[in-house]
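Working notes for the structure below.
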Amino acid sequence: MAKRILKFAFIFLCGLGIFWFCLPLLHGGFALGSVFGICVCGMGIALVLGYRRLAGAGGVKKLLVRVFALLYAVGLGWVGFLTGLMISYQAAPPPDNLNVIVLGAQVFSAERMGASLRGRVDKAVEYLEHNPQVSCIVTGGQGGNEPCPEALTQKNALTRMGIAPNRIYMEDKSRNTRQNLENAMELAQERGLDTRVVIVTQSFHLYRAVSLARSAGFEAYGLAADTDPILFPQYYGRELLSLTKWWAEELFLH
């Protein structure tokens, strides 16, 4: 009886997971992160429903289903570990009087940005207004589907919101988070800026962003920007994949 209850509870949770990862469709978003999450939940349902039949068949089928079940359990443990790391970087507020680095994200024009970047810019403005003596590095080059560098749109937004242009430095060549921060370090060294910094990005992205900033040579702290809760499942699934890739790179390439 207890096994049956656990089985249906797991199927129910996987079903909720599929629904959750489909939420971005309400805002017109549905990308790799959502697909990954739906596949993981779907595999869990398939495993629970088919395990007894395949294990009972004996032979190769029994071996394969047991190996798959083991790998799936390890995978869930890995997801839990990464999620814990994400959460651990969200609680502590950063110190005052540090320079700010805003990580790039989608823009649609020199004056219009996506929801993620808008949240980062808004959070950066709060910190910059509270610490009027610090500088800000805005990062991000021009993606293939973007009309201008992400850094330019950020600078325009910051100046419209009252931040003096002489406090803003642009890094407009990078194409990913690692390049954002490596190029920002080069810029900081060229301009003689303090390399004790606050990294502004969404909460799920803070762990990887701060880790990459420290690898680039910064003494870095995180500042979490708001995330659209409907789009969060998509971003969360994508960040799990990005973190896994980053850990593999750190393990095998560094």
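For LYS123, the lysines whose Cα comes closer than 27 Å to its Cα, not counting residues fewer than 8 places off in the same chain, are LYS155, LYS173.
How high is the relative contact order of segment 138-207, in percent, with contacts defined as C-alpha pairs under 8 Å that are six or more residues apart? List each step's numbers first, then the result.
Details: 66 pairs, mean separation 20.5, N = 70.
Relative contact order of segment 138-207: 29 percent.
Calculate how many DSSP beta bridges within the chain are antiparallel, expressed in % of all such bridges and rounded to the nearest 5. Beta bridges within the chain, antiparallel portion: roughly 5 percent. Averaging the sequence gap over all C-alpha pairs within less than 8 Å and six or more residues apart, then dividing by the number of residues, gives the chain a relative contact order of 23 percent. Between LEU64, CYS22, ALA224, the Cα set farthest toward the positive side of the dipole of the chain (charges on each charged residue's Cβ, about the Cα centre) is that of LEU64. Normalising the Debye intensity of the chain to I(0), with uniform scatterers on Cα atoms only, and taking log10 at q = 0.09, 0.10, 0.14 Å⁻¹ returns -0.48, -0.57, -0.94.
Rounded to the nearest 20, the Cβ-based charge dipole of the chain about its Cα centre (Lys and Arg +1, Asp and Glu -1) stands at 1600 debye.
Could you give the DSSP H helices of the chain that reach 15 angstrom or more along their long axis (alpha carbon positions) and whose average Kyte-Doolittle hydropathy is no lower than -0.5? All intermediate terms of the calculation are to be shown ahead of the outcome.
Details: long enough: 2-22 (30 Å, 1.60); 32-56 (35 Å, 1.46); 59-88 (44 Å, 1.51); 115-130 (23 Å, -0.59); 150-160 (16 Å, -0.83); 177-191 (21 Å, -1.41); 232-253 (30 Å, -0.18).
Going by DSSP H runs, the hits are 2-22, 32-56, 59-88, 232-253.
Subtracting the Cα-Cα distance of ASP122 and GLU219 from 0.36 nm times their residue separation leaves 32.7 nm of extension gain. Segment 206-246 and segment 31-52 have Cα centres separated by 24 Å. Count charges around ASP122 for me, please; just the other residues with Cβ under 15 Å from its Cβ, Lys/Arg as +1, Asp/Glu as -1. Around ASP122, the charge tally is +2.
Round to a whole number: what % of the accessible area of the chain belongs to carbon and sulfur, probe 1.4 Å? Don't skip to the answer; put the middle values down first.
Numbers: 8310 of 13390 Å².
Carbon and sulfur: 62 percent of the exposed surface of the chain.
Convex hull volume of the Cα atoms of segment 166-254, normalised per residue: 111 Å³.
Could you compute the net charge surrounding PRO132? Neighbours are other residues with a C-beta less than 14 Å from the C-beta of PRO132; K and R count +1, D and E count -1. Before the final figure, lay out each step's value.
On the way: positive: ARG167; negative: ASP96, GLU126, GLU129.
So the environment of PRO132 carries a net charge of -2.
All other residues whose Cβ lies under 13 angstrom from that of LEU32 are scored, Lys and Arg at +1 and Asp and Glu at -1, for a net of +1.
The values are calculated or read from the model by the stated rules, or taken from the named source; none is laboratory data. These numbers were taken from a predicted model, which means no experiment stands behind them. Here Cβ is always computed from backbone atoms with ideal geometry, including for glycine, and neighbour counts include all displayed protein chains. Side chains included, ligands, DNA and RNA excluded: accessible areas come from the protein's heavy atoms. Shrake-Rupley method; radii C 1.70, N 1.55, O 1.52, S 1.80 Å.
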